[in-house]
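Data first, discussion second: the structure below is written as structure tokens.
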Amino acid sequence: MNTTRDLQRLSAATALCLVFLSAPLAARADGAKKPAPTNPVWQEECGGCHVAYPPRFLPAESWKSMMGSLDRHFGTDASLDARAAATIEAFLVQNAKRSKTGQKADGSILRITETKWFRSEHDEISAAKWKSPAVGSAANCAACHPNAEKGSFRERDIKVP
Ligand code: HEC
Ligand code: HEC
């Protein structure tokens, strides 16, 4: 009798079908409504001096070099104890931008505001606007994206001061 083997084959085939079927379904269900990934240590330690910039705006290599030089962080010392730093780095790398733009992901770009993506997305904003007292710096995302703190940069929320 081959019944057992047939059954095994059948259930293996079913399982395989389910894998193929469920992958695209899961991706679609996640879709645009997926909440921005977050982590309490990151929020606390990287959200004190500026908004906690979402990991998806820089490639993993950039986050790694930034986390390796926190004592010289854009002219300030943002050092952390090793444990917090490791937690944050893992979170940033896991949710980093997967580069599709062909931009070199060698870690040499540390500023979101210096990426090609950022520049072209914001190309209608004048140099004077960036430096205006209400904005101060392109890095001050929340000046125009009031929900930046919550990880939201949606077009309909934008208010340029
Ligand atoms: C002690 C204050 C301080 C802390 C803590 C801090 N930063 Fe910063 N960060 C700064 C300053 C100052 C700048 C430069 C802002 C500017 O140019 O206007 C900056 C800039 C940045 C930028 C570049 C913004 C741009 O121009 O695109 C990134 C990315 C960044 N920080 C990530 C982090 C991460 C990740 C952490 C947590 C590990 C962190 N920061 C913690 C002070 C801090
Ligand atoms: C001076 C105001 C201003 C500042 C500061 C600013 N932005 Fe923007 N941002 C805009 C405007 C205006 C747009 C819409 C551009 C368009 O679509 O024409 C935009 C678009 C975006 C978009 C695309 C939104 C969408 O749904 O299409 C993202 C993401 C974004 N900005 C992120 C950032 C980040 C991250 C920072 C800080 C590092 C930042 N912005 C700083 C004004 C600003």
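A short reminder: the numbers here are calculations on the coordinates, not readings from a lab. As the structure is a computational prediction, the values presented were derived from the model and not from experiment.
Miscellaneous remarks
- Three principal axis lengths of region 56-146 [C-alpha, angstrom, descending]: 40, 31, 23
- C-alpha center-to-center spacing [region 112-161, region 51-80] in angstrom: 19
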